[in-house]
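Taking it in order: structure first as structure tokens, then the write-up.
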Amino acid sequence: MKSHDLKYPSVVVDMLLGFVNGLNEYDRERGLKDTYGMYDPSKRKDWQKLFFEDGFVRYGFRFGPNGPIDFDTVIVSVNVLLESLRDPGFDWDWLITENDGYFEMPSFWTIINARLIFEEAYRAVYLHWQAAICNRGLSLPDPELLGIPQLETI
């Protein structure tokens, strides 16, 4: 067992991977290249396009006050994401490649900066549901306070 496993139990890993579950290739047909092949996972703009333009629901990011996931679970998941982004020692690469779970990013992608993916997931949560989440008692800091660069123009 890795020391990382003790610090981040499977429930935390599952909550974080929930933000990108629509990209999960595990136990699915390997035909995702037609859908995701146009995206470069090393480019922040492409993640912004995935999260903002191509939609949360289409790609499995189904959080929000009216989404199919219970909003209390959303609050917990967003809090886990927030705390993970605040942790300078969090191993984002491990999360998406060696977590020994049932998650696999599209095999045709080379992920250079796994944290970038979750930074953009946080930005999407912040921009779309900040008010609803804050009304439930979780304060969301501005993405720049977490070291996330300003939103790029798509």
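The values are calculated or read from the model by the stated rules, or taken from the named source; none is laboratory data. Predicted model, so just to flag it, every value in this text is computed and none were measured. We place every Cβ from the backbone using ideal geometry, glycine too, and count neighbours over all the protein chains shown.
Here is a list: L116, L145, L138. Which entry is touching a residue at least 24 places away in the same chain (Cβ under 8 Å) and more than 15 Å from the chain's Cα centre (by Cα)?
Exactly one of L116, L145, L138 is touching a residue at least 24 places away in the same chain (Cβ under 8 Å) and more than 15 Å from the chain's Cα centre (by Cα), namely L138.
Considering only region 122-154, state which residues are hydroxyl-bearing (S, T, Y) and buried (at least 17 other Cβ atoms within 10 Å of the Cβ). Before you say what the answer is, go through the steps one by one.
First, the residues of region 122-154 that are hydroxyl-bearing (S, T, Y): 122, 126, 139, 153.
Of everything in region 122-154, those that are hydroxyl-bearing (S, T, Y) and buried (at least 17 other Cβ atoms within 10 Å of the Cβ) turn out to be Y122, Y126.
Suppose the filter is over 14 Å from the mean Cα position of the chain (by Cα), closer than 20 Å to W47 by Cα and assigned to a helix (DSSP H, G or I); does W109 pass it? Spell out the reasoning first.
Values: over 14 Å from the mean Cα position of the chain (by Cα): yes; closer than 20 Å to W47 by Cα: yes; assigned to a helix (DSSP H, G or I): no.
It is false that W109 is over 14 Å from the mean Cα position of the chain (by Cα), closer than 20 Å to W47 by Cα and assigned to a helix (DSSP H, G or I).
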*Check off (1) closer than 18 Å to Y122 by Cβ; (2) at pLDDT below 80; (3) assigned to a loop (DSSP other than H, G, I, E, B) for R58 and give me the number that stays unchecked.*
(1)
*When residues of region 78-120 are filtered for being modelled with pLDDT of 90 or more and of a type in the set (G, A, S), how many remain?*
3
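Residue check: is M38 in a loop (DSSP other than H, G, I, E, B), surrounded by fewer than 16 Cβ atoms within 10 Å (Cβ to Cβ) and modelled with pLDDT under 80?
No, not satisfied.
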*Qualifying positions in region 41-55 - at pLDDT 80 or above and in a loop (DSSP other than H, G, I, E, B)*: P41, S42, K43
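Can you name every residue in region 13-35 that is modelled with pLDDT under 80, in a helix (DSSP H, G or I) and not charged (D, E, K, R)?
The first filter runs over region 13-35 and keeps only residues modelled with pLDDT under 80, leaving 21-35.
Filter once more, so that each one left must be in a helix (DSSP H, G or I): 21-23, 33-35.
Hits for region 13-35 are N21, G22, L23, T35.
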